[in-house]
Amino acid sequence: MNKHDTVPTPAASDRPAALGGRPVRSAAYPTWPVWDADERTRLIETLDAGGWWQGDGTVAATFAQNFAAYHGAGFGMAMTNGTHTLEAALIACDIGEGDEVLVPGMTFVASASAVLAVNATPVLVDIDPDTLCIDPPSAEAAITDRTRAIIAVHVAGAAADLDALVELCARRDLRLIEDCAHAHGTFWRGRGVGSWGDFGSFSMQRSKLMTAGEGGVLLCNDEDLRDAAWAYADCGRVQGEWFYHHATVGTNLRMTEWQGAILQAQLDRFPEQNRIRNANAVALIEALEQIPGIRGQRRDPRMDSQGNYCFVFHYDAAEFAGLPLRTFESALAAEGVPMSVSYPSVTDLAVFRTQQFGPRLRAHAPTIDYRNLHLPHAEAAASSTVWLQHRLLLADRDDVLDVATAVAKIHRHAASLIR
């Protein structure tokens, strides 16, 4: 019998590590990032080639196109990071002053700050309490005559309801921008996320499922939108025209060839990593849901695979003798589980509470009263979900299931952990 076939019984338990007991995990989980000789070889090849920026080389652009093909999109553009890819997408969609963009209440600040960066207004809407992604009915209720786009964030790799969002945007004549920073390898009904909307924005920052330390890729299927986004990222140039012909206002958001070299090696390795993470995530949530008070982030049946930027589950403190979330997280970390932490609701971020949007927005600042805006589902999720680092999902199955053993131990001893 596998040691994880059943949740350990109280008779087999010991004291929580947070109270001086022996941790469930004494061995470390896999580290991140993962690299090998492939990255080293590709970097040396780039060094020797001498073309270190996209203007002289083809490495970054080729990687971006290969990544686009993996996700089922027509075009991929290699850019500096996942914040700038969002900004370029908004610019290409001609979104700016006076426009509103719907943004979910649970996301990294960049999903909203990119909207502010183009002088548009982020309209914060609530999330589905089970998936943590933008709630389509809440989004539709927030649409006004100034709404131009929806940014759909695939939180922790769980796909937002793309069927509903694509239909909504088509019916209301809105742009759909997918924020896929967490969702490399998430597939919806046989096609990669990032290929469903007008644009798909991916981050390659250090913690992401593929990384060059920093970096981003912007996907789309429309050639005109591709050209508009790349013109903005390439100093307003027009592809094929004279180098110093700047037809529009732009900036420099180009990825280096060094990053492209690393990311191609990461992409070559990624499908197998994605398969392992998915299989282990499914097994882990099945084990965790045997424990009272633990419920997985809902996995929509239309989703073929989930990127699993973090492994997320819902935590009911009442089933753990009232043990506060942060105390539970500390106890789980003491058992050797690599922890992350939930995003706060965007409504709770200081930049929105104080509305310090910077000098560029003084004349055209959003008129929404963010100080008094509350999104109950996003705020509740921030205080009741547990986020674990994705690197643990690359371990052997028994090691992954040690997480369930640790949670079960904490559940048995929850009352003693309350100080």
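Specify the residue that is surrounded by the most Cβ atoms within 10 Å (Cβ to Cβ); the eligible residues are those in the stretch 118-151 that are free of Cβ contacts under 8 Å to residues at least 60 places away in the same chain and under 14 Å from A89 (Cβ atoms).
Applying the first criterion (free of Cβ contacts under 8 Å to residues at least 60 places away in the same chain) to the stretch 118-151 yields 118, 120, 133-134, 136-150.
Going one step further and asking which of them are under 14 Å from A89 (Cβ atoms), we end up with 118, 120, 148-150.
Numbers: V118: 20, A120: 23, R148: 21, A149: 24, I150: 28.
Taking the candidates together, the pick is I150.
Return the residues of the stretch 157-173 that are on the phi < 0 side of the Ramachandran plot, out of contact with any helix residue (DSSP H, G or I) (no Cβ under 7 Å at 6 or more places or on another chain) and of a type outside the set (D, E, K, R); say none if nothing qualifies.
So the first thing to find is which residues in the stretch 157-173 are on the phi < 0 side of the Ramachandran plot, and the list is 158-172.
This time we only want the ones that are out of contact with any helix residue (DSSP H, G or I) (no Cβ under 7 Å at 6 or more places or on another chain), so: 158-160, 162-163, 166-167, 169-172.
Across the stretch 157-173, the qualifying residues are A158, A159, A160, L162, V166, C169, A170.
Going by the structure shown, is L168 farther than 27 Å from I262 by Cβ and at pLDDT 95 or above? So that I can check it myself, show each step before the final result.
On the way: farther than 27 Å from I262 by Cβ: yes; at pLDDT 95 or above: yes.
Considered against the rule, which asks whether it is farther than 27 Å from I262 by Cβ and at pLDDT 95 or above, L168 comes out as yes.
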query: What single numbered condition from (1) more than 17 Å from R175 (Cα to Cα); (2) among the β-branched types (V, I, T); (3) crowded, with 18+ Cβ neighbours inside 10 Å fails to hold for T41?
result: (3)
task: Could you list, in sequence order, all residues of the stretch 53-69 that are more than 18 Å from E39 (Cβ to Cβ) and either out of contact with any helix residue (DSSP H, G or I) (no Cβ under 9 Å at 6 or more places or on another chain) or surrounded by 14 or more Cβ atoms within 10 Å (Cβ to Cβ) (or both)?
output: Q54, G55, A61, Q65, A68, A69
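Per-residue answers, yes or no, for (1) assigned to a helix (DSSP H, G or I); (2) farther than 30 Å from R15 by Cβ:
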| residue | (1), (2) |
| --- | --- |
| A261 | yes, yes |
| Q264 | yes, yes |
| I276 | yes, yes |
| P301 | no, yes |
| H314 | no, no |
| E319 | yes, no |
| T327 | yes, no |
| L332 | yes, no |
| V337 | no, no |
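Filter the stretch 213-229 down to residues that are part of a helix (DSSP H, G or I), surrounded by fewer than 24 Cβ atoms within 10 Å (Cβ to Cβ) and in contact (Cβ under 8 Å) with a residue 12 or more places away in the chain, then give me how many there are.
Here is the first cut: in the stretch 213-229, the ones part of a helix (DSSP H, G or I) are 223-229.
From the residues that got through so far, the ones that are surrounded by fewer than 24 Cβ atoms within 10 Å (Cβ to Cβ) too are 223-228.
Narrowing the set further to residues that are in contact (Cβ under 8 Å) with a residue 12 or more places away in the chain leaves 223, 225-228.
Total meeting the criteria: 5.
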query: So which pairs qualify, if the first residue must be in the stretch 328-351 and closer than 11 Å to M106 by Cβ and buried (at least 16 other Cβ atoms within 10 Å of the Cβ), the second must be of a type in the set (F, W, Y) and modelled with pLDDT under 95, the Cβ gap must be under 9 Å, and the two must be at least 6 apart or on different chains?
result: V346/F352; V346/Y370; T347/Y370
- request: Starting from residues that are in contact with an Asp or Glu (Cβ under 7 Å, 6 or more places away or on another chain) and basic (K, R), keep the ones in the stretch 134-175 and report whichever is farthest from F313 (Cα to Cα).
  value: R146
message: Would you confirm whether or not the stretch 355-366 contains a residue that is crowded, with 16+ Cβ neighbours inside 10 Å and in a loop (DSSP other than H, G, I, E, B)?
response: yes
statement: Per the list (1) farther than 21 Å from E286 by Cα; (2) surrounded by 19 or more Cβ atoms within 10 Å (Cβ to Cβ); (3) of a type in the set (A, V, I, L, M), residue check on A408 breaks on (1)
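Please count how many residues of the stretch 367-398 are assigned to a strand (DSSP E or B), surrounded by fewer than 21 Cβ atoms within 10 Å (Cβ to Cβ) and of a type in the set (S, T, Y).
Taking the stretch 367-398 first, the residues assigned to a strand (DSSP E or B) are 385-389.
Retained after the next criterion (residues that are surrounded by fewer than 21 Cβ atoms within 10 Å (Cβ to Cβ)): 387, 389.
Narrowing the set further to residues that are of a type in the set (S, T, Y) leaves none.
Total meeting the criteria: 0.
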message: Can you tell me which residue is farthest from L394 (Cα to Cα) among those in the stretch 240-275 that are of a type in the set (V, I, T) and in contact with a helix residue (DSSP H, G or I) (Cβ under 6 Å, 6 or more places away or on another chain)?
response: T248
- prompt: Give me the pairs: first residue in the stretch 29-58 and over 30 Å from V337 (Cβ atoms) and at pLDDT 95 or above, second residue in a loop (DSSP other than H, G, I, E, B) and of a type in the set (A, V, I, L, M, F, W, C), beta-carbon distance under 7 Å, and six or more apart or on different chains, which are they?
  reply: T46/W52
field: Positions within the stretch 164-187 being farther than 15 Å from V153 by Cβ and acidic (D, E), in sequence order
entry: E167, D173
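The values are calculated or read from the model by the stated rules, or taken from the named source; none is laboratory data. Everything numeric in this text was worked out from a predicted model, so none of it was measured. All Cβ positions, even for glycine, are placed from backbone atoms using ideal geometry, and neighbour counts span all protein chains on display.
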